[in-house]
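Notes to accompany the following structure.
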Amino acid sequence: ISPVVAPISAPRGCECLPLSSKMSTPSVREMKEALAAAGVSFADCSEKSELVARYKNAMANSASRSRATAPPPHAKPSTPSGNTRAPAAPPKQLSVEEMGKTADGSDGGELGTEIRRVCSSRDFYEILKVNRSCSEEELKKSYRKLALRLHPDKCNLSGAEEAFKKVSTAFGCLHDSRQRASYDIHGEEIVQRGRNGWGGGFGADVDAEELFRAYCQSGSKVENITAAIKKNPWLLLTLLTE
């Protein structure tokens, strides 16, 4: 009685071994062709039974290799290792009460009070500590005094950088005669419009550091302004009205 070979799907790498759709043994020619295609020698098989056994053994080995390499039926896709980092949280916004403090949390004294005053003020004239009828020279003098005290390189108190930027923004508007006139009429509304592109050169267009270099650093004013304009050409629009 010839052995019966159950029909199974050919595993990967052994697709060349033909399978009968019935419960019968393939013909001798089919088995030889399949074994030859799979690279299995059958030259030593003198009997059909030996050829069938060789064919079945090749099928069993192929199925075993396929099971060893196949992924589990319900395996989930692999995920990256735990090297991914959560996005950094944005820096905490300080309240006015938290400003003007030293690294250990103690109060910064008079300078700390000045920082809180500037950061809590919304009016440009109040920020610069000048009245609305002040002259251009009074504006510059007040700006220089405040900027030198509040510059982050000179003041290590919390909130110093924010106060320095507010002083620079206020001066950037008020020392331009046209922007000052508009500010006197519209107040804070012109600040918002300027940031959206109305009233060119206002607000974000004038860098606080460039303005500081132009008016507060040592050297002639012409040299300072020239160096600042080279770094930020927008500053020229603000200085043309002087």
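Quick notes
- Among residues that are touching a Leu at 6+ places or on another chain (Cβ under 9 Å), free of Cβ contacts under 8 Å to residues at least 60 places away in the same chain and among the hydroxyl-bearing types (Ser, Thr, Tyr), Ser168 is included.
- Here region 120-132 is the region considered, the condition is being at negative phi and part of a loop (DSSP other than H, G, I, E, B), and the residue that is surrounded by the most Cβ atoms within 10 Å (Cβ to Cβ) is Val130.
- When Glu189 is tested against (1) farther than 28 Å from Lys101 by Cα; (2) more than 36 Å from the chain's Cα centre (by Cα), just one condition goes unmet, and that condition is (2).
- Helices (runs of 4 or more DSSP H) contained entirely in region 133-190, each with at least 3 residues that are open to solvent by 50 Å² or more (accessible area, probe 1.4 Å) and closer than 15 Å to Ala208 by Cα: 136-150, 160-174
- Within region 90-97, one or more residues are at pLDDT below 70 and loosely packed, with under 10 Cβ neighbours inside 10 Å.
- Breaking point among (1) in a helix (DSSP H, G or I); (2) buried (at least 19 other Cβ atoms within 10 Å of the Cβ); (3) at pLDDT 75 or above, for Gly194: (3)
- Here Arg54 fits the description: farther than 30 Å from Ile127 by Cα, modelled with pLDDT of 85 or more and either surrounded by 14 or more Cβ atoms within 10 Å (Cβ to Cβ) or touching a helix residue (DSSP H, G or I) at 6+ places or on another chain (Cβ under 9 Å) (or both).
The values are calculated or read from the model by the stated rules, or taken from the named source; none is laboratory data. All of these numbers come straight from a predicted model, not from anything done at the bench. Glycine also receives a Cβ, built like all others from the backbone with ideal geometry; neighbour counts cover every protein chain displayed. These accessible areas exclude ligands, DNA and RNA; they are computed on the full protein's heavy atoms, side chains included. Shrake-Rupley method; radii C 1.70, N 1.55, O 1.52, S 1.80 Å.
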